[in-house]
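This report refers to the structure that appears directly beneath it.
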Amino acid sequence: MADTIDYILETDALVREFRGFVAVSSVSLRVRRGRIHALIGPNGAGKTTCFNLLTKFLEPTSGSIRFNGVDITDERPAEVARRGMVRSFQISSVFPHLTVLENVRVALQRSLGTSFHFWRSERSLRRLEPRALALLAEVGLEEFAGVVAVELSYGRKRALELATTLALDPQLLLLDEPTQGMGHEDVDRVMQLIRRIAADRSILMVEHNMAVVAGVCDTITVLARGSVLAEGSYAQVSRNAAVLEAYMGTAEGGLVGPGGRG
Amino acid sequence: MSQAVRIRAGYLLAVAALLLAPQFFYPVLVMKVLCFALFACAFNLLLGYAGLLSFGHAAFFGGAAYVAGYALKSWHVPALVGLLLGTLAAAALGWLFGRLAIRRQGIYFAMITLALAQMVYFICLQVPYTGGEDGLQGVPRGSLFGLVDLADDRNLYYVVAALCALGFWIIERAIHSPFGQVLKAIRENEPRAISLGYDVERYKLLAFVLSAALTGLAGATKTLVFSFASLTDAEWHTSGEVVLMTLVGGLGTVYGPAVGAGVIVTLQDQLADKVGSLVSVIMGCIFVLCVLAFRRGIVGELQALYRSATGNRY
Ligand SMILES: Nc1ncnc2c1ncn2[C@@H]1O[C@H](COP(=O)(O)OP(=O)(O)O)[C@@H](O)[C@H]1O
Ligand SMILES: [Mg+2]
């Protein structure tokens, strides 16, 4: 099948140092198109730094990144986003004093091409609202459309962040611990949502909750101290001795990791 | 009353007040208030809505004042052309400042704008066209389309009022435009805005140029009102004063800075011949009081009062 050999994202020996400290060391990652790929590893392993490198929020010290076959190593973060690789943040990242609807609308708005039009009325954005409401419905937030985002509960902020990310219709979503700090029901809802949105896109996600990883991810890459320790399916990775020792050994029974930490 | 009706009523009141003001107050004072109100609102467009604290806005105010003054005095251009030239010059200067400063964050941004503004001040002091320490004196007010004599304070007043109203309208529109939405998003959460594909620097640059241009319109208009442009207009003092006006009136409220400008200009005008140089001390005290006790400024505090009284939170 063509899409099994088609990688949407490839990195080649990606390195990032912070004043001599190697946070990401020679990471070569390949994300298959249409799959859900997990990036796991103990705290401080370099997962968030990887995300920052991929989305160009940080410059790699060396190495290269290809998205859809195009070298994007030298592009600016906004350019990367416009190519269709959109990230979320580990700490929930909404526009706190915009309403829930406006949060999503601001993401939709770029497609209109009027974002520099300072002479045009805000009313011209109203036609985006049906689409924004549909996206909010998808994450179960439609009844909160008029609420100012800062007043949402933590779980709902994360859901809003997902809806905002989806508004860009990205080909590849990078989700940094999407279920972090969520209760059981929210986690289940987000899992279902991730499965649903993965139907026609690729996802790379950092996740601490092993139930989620086992439940939704096709491929898992384990990172420890900046390097790739193992890669494979959940069954393969969870039997890998090095992984058990470096990462999962901390959790009894090996497989259900902690719910996530900062 | 629905919000739309209240807003419309508010505008009607404001227009009526603008039209009637010269019946009750000295027109030149009202014009001065208007110029500084436009200045403060333009400054607030940048600080309140783009989150950028410029400490160099006097360069645009003073720069435009000199350009307009020179064009009016030496080239004898019509009044409106002089104002337009001043505005364009400020916009160009704003673009230059913006290009150099916008990549910097917070205090570094403020410092770079201050440094650039000091360079502009130095240029104003040194070049032969500006009259050095004396400034440009005796700038003719001219006429409007050769029909209305602007030497008459009343006539000039209505032109100035219309220009400032136009400036306020542009600011108001920019805040409530697709562009304004993106600006707010950037102010609220810059990394998130970037991750949505917005080149935040270009948005900030446009905000900076708009703010500089409208500040220029205010400065050029001020030259027309007083028939002179002086070094005071370009001094760092003026950059600080506009910060004060904005804070006193209410940072990030659309018209708060205009109220702040009204209060500060009127106070300075009233106190100047009574307390002399103590004015600076009084201004300093107002500043401290504002920062310590009335963070939201006059309009911001009133809005908060209104909200808590009506239980309406938004
Ligand atoms: N901006 C930075 N400056 C210095 N060190 C950093 C920076 N960002 C991350 N690090 C370090 O890099 C390592 C990896 O961090 P991170 O990518 O956040 O880990 P993870 O997301 O896997 O928990 C940590 O030791 C962290 O302290
Ligand atoms: Mg992390």
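General remarks:
- Sole residue being without any contact (Cβ under 8 Å) to a residue 40 or more places away in the chain and within 14 Å of chain A (Cβ to nearest Cβ), chosen from B:Ala207, B:Ala193: B:Ala193
- Within region B:1-52, being within 19 Å of B:Thr238 (Cβ to Cβ) and outside any helix (DSSP H, G or I) holds for one residue alone: B:Leu52.
- Of everything listed in (1) within 16 Å of ligand 1 (Cβ to nearest atom); (2) away from chain B (no Cβ under 12 Å), the single unmet condition for A:Arg87 is (2).
- Within region A:103-118, the residues that satisfy the criterion of being touching a residue at least 24 places away in the same chain (Cβ under 8 Å) and more than 8 Å from chain B (Cβ to nearest Cβ) are A:Asn103, A:Val104, A:Leu108.
- The criterion of at least 1 residues that are in contact with a Pro (Cβ under 6 Å, 6 or more places away or on another chain) and touching a residue at least 24 places away in the same chain (Cβ under 8 Å) is met, among helices (runs of 4 or more DSSP H) falling completely within region B:228-291, by B:236-249.
Table: residues versus (1) within 16 Å of ligand 2 (Cβ to nearest atom); (2) of a type in the set (Gly, Ala, Ser).
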{"site": "A:Leu141", "(1), (2)": "no, no"}
{"site": "A:Lys157", "(1), (2)": "no, no"}
{"site": "A:Leu160", "(1), (2)": "no, no"}
{"site": "A:Asp169", "(1), (2)": "no, no"}
{"site": "A:Gly181", "(1), (2)": "yes, yes"}
{"site": "A:Gln192", "(1), (2)": "no, no"}
{"site": "A:Arg195", "(1), (2)": "no, no"}
{"site": "A:Ala199", "(1), (2)": "no, yes"}
{"site": "A:Met205", "(1), (2)": "yes, no"}
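- Residue match in region A:134-145 (condition: surrounded by fewer than 18 Cβ atoms within 10 Å (Cβ to Cβ), within 12 Å of chain B (Cβ to nearest Cβ) and of a type in the set (A, V, I, L, M)): no
- So A:Arg158, is it part of a helix (DSSP H, G or I) and either in the same structural domain as A:Val206 (by TED's automatic domain parsing) or open to solvent by 40 Å² or more (accessible area, probe 1.4 Å) (or both): no
- Residues of region A:70-90 satisfying the condition of being in a loop (DSSP other than H, G, I, E, B) and free of Cβ contacts under 8 Å to residues at least 12 places away in the same chain: A:Asp74
- Flag for B:Val67 being touching a helix residue (DSSP H, G or I) at 6+ places or on another chain (Cβ under 8 Å), within 27 Å of B:Ile102 (Cβ to Cβ), open to solvent by 20 Å² or more (accessible area, probe 1.4 Å) and part of a helix (DSSP H, G or I): yes
- The residues of region B:223-260 that are under 24 Å from B:Tyr49 (Cα atoms), in contact with a Lys or Arg (Cβ under 9 Å, 6 or more places away or on another chain) and buried (at least 24 other Cβ atoms within 10 Å of the Cβ), listed by number, are B:Leu247, B:Gly250, B:Gly256.
- Yes/no for A:Arg123 being within 10 Å of chain B (Cβ to nearest Cβ), without any contact (Cβ under 8 Å) to a residue 40 or more places away in the chain, open to solvent by 10 Å² or more (accessible area, probe 1.4 Å) and out of contact with any helix residue (DSSP H, G or I) (no Cβ under 8 Å at 6 or more places or on another chain): yes
- Lone unmet requirement of (1) surrounded by fewer than 21 Cβ atoms within 10 Å (Cβ to Cβ); (2) touching an Asp or Glu at 6+ places or on another chain (Cβ under 8 Å); (3) more than 11 Å from every other protein chain (Cβ to nearest Cβ) for A:His97: (3)
- Among the residues listed as A:Leu160, A:Leu204, A:Leu168, A:Leu173, the single one being in contact (Cβ under 8 Å) with a residue 12 or more places away in the chain, under 23 Å from A:Lys47 (Cβ atoms) and within 16 Å of ligand 1 (Cβ to nearest atom): A:Leu204
- Scan of region A:50-69 for residues that are within 16 Å of ligand 2 (Cβ to nearest atom) and buried (at least 21 other Cβ atoms within 10 Å of the Cβ), ordered by number: A:Cys50, A:Phe51, A:Asn52, A:Leu53, A:Leu54, A:Thr55
- Residues within region B:136-190 that are open to solvent by less than 10 Å² (accessible area, probe 1.4 Å), part of a loop (DSSP other than H, G, I, E, B) and more than 14 Å from B:Ala79 (Cα to Cα), tallied: 1
The values are calculated or read from the model by the stated rules, or taken from the named source; none is laboratory data. Nothing here was measured: the structure is a model prediction, and the numbers come from that model. Glycine gets a Cβ as well: all are built from the backbone with ideal geometry, and neighbour counts include every protein chain shown. Accessible surface is based on the protein model in full, side chains and every heavy atom, while ligands, DNA and RNA are left aside. Shrake-Rupley method; radii C 1.70, N 1.55, O 1.52, S 1.80 Å.
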